[in-house]
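Readers should treat all values here as calculations from the given coordinates under stated rules, not as data from a laboratory. Bear in mind that the values here come from a model prediction, so they are computed numbers and not experimental data. We place every Cβ from the backbone using ideal geometry, glycine too, and count neighbours over all the protein chains shown.
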Amino acid sequence: MTTTTQTRNAESARSTITTRRRGDVQRWSLTLIPTTKEAPADAEAPSHKLLVRAGFIRRVGAGIYDYLPLAWRTLGKISDIIRQEMNAAGACEMLMPAMEPLELFADTKRDIDYGDNLFRVTDRHGRANALAPTHEEVITELMKGSVASYKQLPLNLYQIQTKFRDEFRPRSGLLRGREFIMKDAYSFHMKLEGAGGLDETYEKMRTAYTNTFTRCGLDFSVVEAEAGPIGGSASHEFMVNCETGEDIILKCPETGYAANVEKCEIGHRPHDFSGDPTGDLEKVHTPKMASIEDVSRFMKVKSPNMLKTIVLARSDEQRGWVVAVVRGDHEVNEGKVKDAVGFPLAMADEAEAKAAGFAIGFVSPRAARSVGALLVVDPDAAQGTDRDKGKPSFWATGADEVDHHVKHFNWRRDMGEFLDSDNAIVADIRNARAGDPSPRAVGAALTEGRGVEVGHIFKLGTKYSRAMGFLVQDESGDRNAVIMGCYGIGVSRTLAACVEMSHDDNGIVWPMALAPYHALVTVMKVDNAEHMAHADRIAGELADAGFDVLIDDRDDRPGSKFKDADLIGIPIRLTLGDKALEQGGVEFKLRTDPGKGEVVAMESIVGRCLEAANAAEHCR
RNA sequence: CGGGGUGUAGCGCAGUUUGGUAGCGCGCCUCGUUCGGGACGAGGAGGUCGAAGGUUCAAAUCCUUUCACCCCGACCA
């Protein structure tokens, strides 16, 4: 550090309260940034390769990584944004232990639900402990002993902390590790609606999450996810959009509606059972071919011309069968079937279904009538006429006889009046896919995208409070189970997702908000005292303006320094060398700019950088 | 948990079929020449060949056992 920098630091250290943040200045030679030309052989995902190559992370064990200085700085920036948004939304930070006694799971049985994914640790006395995967039990236990009156609620508490999950298969570097950094928040309420209710906090969290990821400079989608125990839109996932994402999401290009595959609704699709038969029912011997693909290939019938018939069993107190029918190339969505029939159900036990008379693997819609079941047909399967071709629909389906299928199935002829009875309904019961009509805009088609889940908020209801006996007295003196919400952000995963979303052939391209340093001062001749003095002065001025600055003071060849600069992805590069100095300036180049950049006069550098930083804010 | 694969220098790899005392590229150290997009020359350091046991005069190499890691699938509040 130069004397000027030291003096400035000393000055800011003297004041007890600062209203503006002074940026950091760091010399490359005094930190650890071990860049490499080659990525480890086992890395596949772009973020994994680049984070290792750029010296952000190093593998310690399967799914366990060191966060090196650059990574730690970026994680700090993500955490800072999260803290600001959480605090602004009325949540309060605390810290719980990473380890917890296994006894805490006694009431919720989550140790069983989690199974082998729960890291277990036995201490010297033989006590069973767990490394926490999340903290519902710990915080509920805390609240149980600290909150006894409705007057103390609502509350929303959060922490940023390392979490553990003994994944079967850790992969893709930071995207799915066994140890990861997470922000988890838990809110507590006496009611769902109105002031102080769960719904209110949930909406605040949804806004806070949207603000957080927007400020991080991420391109993301908010998608409706599987409903929680309360139902409705009780759960949202925040997905960073990128090709390499593990999760598939569907979006309506006109309304912004987005949902994951499980949850996505499909817009109106007309249906009509009427239409002439395409021929007499023709039974075909299809030995041991129970799958659509096998039968399709064998009978030379395309899967969209087949009916896929799934047998489900009612899973509440009442007994009963449900036969769900979709087109051969579609997938039955159990959740949607459940919503359509109005009672819980599950895939039928094969033995029981066979005993009841279903030829499992060779079932046709006719079985609903002959065996006695509620028939639910997806609109795309409920067609007597092929609309596109304007002629009767050709259907192949099971023969309700082991090892046989039939061709020329016709809804009217083969099902008769059963279709008009209360035991036959048509409803959206399949998974959505790209090209399906949007449920929110007539004429719009859903598009498919991929993403990495970085945030998830949901309404827990009273699952944990009931299980653990967290009851609080309300105004009338009654003791009620507290209603909870829970809100998570994968902090370390956000770091990796950002790299997945934003990189090029040369390396990482950080958004300004998450970059470990905003600017990199690349000094060409580090043994030239005058040049170094310029670098220190420029860095100091930038730091005063709030920029975090890294000075590349390594005595290395220009080529490798430029390559490293691109690799670690600092947004602004200032090159200090003879060429620009002769013109009284330095070279200014954004990571996203091609070429060598432009010469900017010394006195204009800070202004030029501020301009770039602000432009970056706005374009996100 | 099923299928496939890999463990040799910090990283990337060859050598294993056919046993003979360990090599290449990058990186690192020293010296010199270089110096605006991963320089060149000369010299040098660095390896219990994942571990244990066995066969053999001799094992990275053959045999047995074991451990670790990766990829695909299944799974994933």
Quiz item: Hey, can you rank A:455-462, A:59-66 by average C-beta count inside 10 Å, highest first?
Solution: A:455-462, A:59-66
Exercise. Return the percentage of antiparallel bridges among DSSP beta bridges fully within segment A:282-426, rounded to the nearest 5 %.
Key: 70
Quiz item: Where the centre of each part is set by its Cα atoms, how far does segment A:89-134 sit from segment A:331-389, in angstrom?
Solution: 42
Exercise. Any chance you could count the Lys pairs in segment A:282-426 whose alpha carbons are under 25 Å apart, treating pairs 8 or more apart or on different chains as valid?
Key: 29
Quiz item: If the cut-off is a Cα-Cα distance under 20 Å, which lysines reach A:Lys77, setting aside same-chain residues fewer than 8 apart in sequence?
Solution: A:Lys163, A:Lys183
Quiz item: In chain A, what is the volume of the convex hull around the alpha carbon atoms, normalised per residue and reported in Å³?
Solution: 221
Quiz item: Over 28 Å between Cα atoms, which of A:Lys109/A:Lys191; A:Lys49/A:Lys204; A:Lys37/A:Lys525 qualify?
Solution: A:Lys49/A:Lys204
Quiz item: What value, in deg cm²/dmol to 500, does the helix sum -39500 (n - 2.57) over DSSP H runs of n ≥ 4 give at 222 nm once divided by the residues of chain A?
Solution: -8000 deg cm²/dmol
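Suppose we keep just the DSSP beta bridges with both residues in chain A; what percent of those would be antiparallel, to 5?
Here the antiparallel bridges make up roughly 80 percent for chain A.
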Quiz item: Can you list the aspartates and glutamates whose alpha carbon is less than 12 Å from that of A:Lys463, not counting same-chain residues fewer than 8 positions off?
Solution: A:Asp107, A:Glu136, A:Glu137
Quiz item: List the trypsin sites (Lys or Arg not before Pro) in segment A:254-290 that DSSP assigns to loop (not H, G, I, E or B) and whose Cβ has at most 14 other Cβ atoms within 10 Å. Which are they?
Solution: A:Lys288
Quiz item: If you count, for each residue, the other Cβ atoms within 10 Å and average over each peptide, how do A:410-421, A:542-553 line up from highest to lowest?
Solution: A:542-553, A:410-421
Practice problem: Please determine, in degrees from 0 to 90 and to the nearest 10, the orientation of helix A:491-501 with respect to the longest principal axis defined by the Cα atoms of chain A, where the helix direction is its Cα long axis. | Solution: 90
